[in-house]
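Working notes for the structure below.
The values are calculated or read from the model by the stated rules, or taken from the named source; none is laboratory data. No experiment lies behind these values; they were computed from the predicted model shown. Cβ sites come from the backbone with ideal geometry, for glycine too, and all protein chains shown count toward neighbours.
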Amino acid sequence: MRFRTTQKPRGILSFSDQRRLSLVIGCIGLVLIGFTLVRRPAFWSWMFPEEDQELAEADADTATAEQIPLLQHDEFVVNDHAALKPALDENTVQEENAVLTLPNDLRKTIRDDMFGIGRQEIVAYQTSLQLANKLEQAKDKRVGRGAFALFIDSPQSTRGIPWRMKGLLRQLTRKTENRMNIGTLYDAWISTPDSGDRLVHVVCRTASEALVAQVKASQEGSVRFGSNPPQVEFTGYFFKREAYASQGTNQISKAPLLIASTLHQHIPAAAGSTRSERLNPYLAWLAVVVCIGVSVLITVFWTSDRKNAQTRSHQLTKLPASPSFEDLHVVTVSEALQTMQAESEEAADGMV
């Protein structure tokens, strides 16, 4: 008896099982691609168009020294024989990368580590005030952020260039009389996060309304802020590294002098939820959808296995071949004996 089959050999998995396995692998790949996309912050930016750019650029203000030395009021000392000179024409101002800077010939007239404004520095001083006003009106966002150590260590490379700074206002004084007939100026002393117990000297034409109101309310025209100083920010030109005598000490200190147009009071943004906190509900719903999809997939597989359990068991018990009687002849016993006898006689004759 010979067994033959017309079916192809069956593998470990059937065609339907292979198709389901391929579907599972494809779904897992799509889930991984989805996680790769949603983990990027740029994917969720369209959901928060009102995100404040200043909040992302806000710097953490560090604690400054508790004791600030008292300052004298002679920062604007000008020699009696200093002659007033008109400021340079606006067309002579240099422009680097679309940012106005002080001309080089005026930078050379400025002397560091000196008290007040010298006679040879008046033109550069007046020009810096004009540039500060133009910079305030232009509201150029490309101005770099200044650093206290940079002004102290490298005054030559930073002079005449606009800088953005932020810090705590320690003292604000209103100057209505000066020998240069410039008008009302505000003299501010600020401590920055990187200045430690040292100060930054800022001269500006105006300040925020709240700060101006406090100065006008004081009889001396000067306000010293104690343990809760306001946060201020400004954009101004670094003029020079000047010397000043601190009251109560016999030492001469040095501070960077910057000339600005307006001293803005910085009101910190109200503490709100971060972007990650606002994404938590969406991530939770995404996790729920993924869990539901996995549960449905497991249920489908379990139902299919239970439904076809008996069919698969029956197929495993059946032989993969069927009997075939092709090329077989049926003979009787006598015919078979006669055939065998004839074959033996032929074999004996061949041997003789």
Fill in the blank from the handout: Checked the range 97-120 for anything touching a residue at least 40 places away in the same chain (Cβ under 8 Å) and among the acidic types (Asp, Glu); matches are Asp112, Asp113
Practice task
Filter the range 1-24 for residues that are assigned to a helix (DSSP H, G or I) and either surrounded by 10 or more Cβ atoms within 10 Å (Cβ to Cβ) or modelled with pLDDT under 55 (or both) and give the result.
Solution key: Ser16, Asp17, Gln18, Arg19, Arg20, Leu21, Ser22, Leu23, Val24
Exercise for the section: Output the number of the condition that Gln251 fails; it satisfies all remaining conditions of (1) surrounded by 13 or more Cβ atoms within 10 Å (Cβ to Cβ); (2) out of contact with any Phe, Trp or Tyr (no Cβ under 9 Å at 6 or more places or on another chain); (3) without any contact (Cβ under 8 Å) to a residue 40 or more places away in the chain. Expected result: (1)
Practice task
Look at Glu121 and say whether it is charged (D, E, K, R), surrounded by 15 or more Cβ atoms within 10 Å (Cβ to Cβ), modelled with pLDDT of 75 or more and more than 13 Å from Gly236 (Cα to Cα).
Solution key: yes
Practice task
Would you check if there is a residue in the range 48-60 being under 26 Å from Asn280 (Cβ atoms), polar (S, T, N, Q) and modelled with pLDDT under 60?
Solution key: yes
Completion exercise
Note on Ser322: of the conditions (1) hydroxyl-bearing (Ser, Thr, Tyr); (2) at pLDDT 80 or above; (3) surrounded by 10 or more Cβ atoms within 10 Å (Cβ to Cβ), unmet is (2)
Exercise for the section: Go through (1) farther than 23 Å from His266 by Cβ; (2) surrounded by fewer than 20 Cβ atoms within 10 Å (Cβ to Cβ) and name the single condition Ala213 misses. Expected result: (1)
Exercise for the section: Output yes when any residue across the range 113-132 is basic (Lys, Arg) and touching a Ser or Thr at 6+ places or on another chain (Cβ under 6 Å), and no when none is. Expected result: no
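For the range 109-122, check the following and say yes or no: at least one residue is more than 21 Å from Ala255 (Cβ to Cβ) and either β-branched (Val, Ile, Thr) or not in a loop (DSSP other than H, G, I, E, B) (or both). Before you say what the answer is, go through the steps one by one.
We begin by selecting, within the range 109-122, every residue more than 21 Å from Ala255 (Cβ to Cβ); these are 119.
Now restrict to residues that are either β-branched (Val, Ile, Thr) or not in a loop (DSSP other than H, G, I, E, B) (or both): 119.
So far as the range 109-122 goes, yes, one or more of its residues are more than 21 Å from Ala255 (Cβ to Cβ) and either β-branched (Val, Ile, Thr) or not in a loop (DSSP other than H, G, I, E, B) (or both).
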Completion exercise
Residue hits (the range 214-233; outside any loop (DSSP other than H, G, I, E, B) and either within 22 Å of Thr192 (Cβ to Cβ) or modelled with pLDDT of 90 or more (or both)) are Gln214, Val215, Ser222, Val223, Arg224, Gln231, Val232, Glu233
Handout entry: Listing of strands (runs of 3 or more DSSP E) fully contained in the range 141-207 that carry 2 or more residues being touching a strand residue (DSSP E or B) at 6+ places or on another chain (Cβ under 8 Å) and of a type in the set (Lys, Arg)
Key = 162-175
Practice task
Please tell me if Ser191 is surrounded by 20 or more Cβ atoms within 10 Å (Cβ to Cβ) and hydroxyl-bearing (Ser, Thr, Tyr).
Solution key: yes
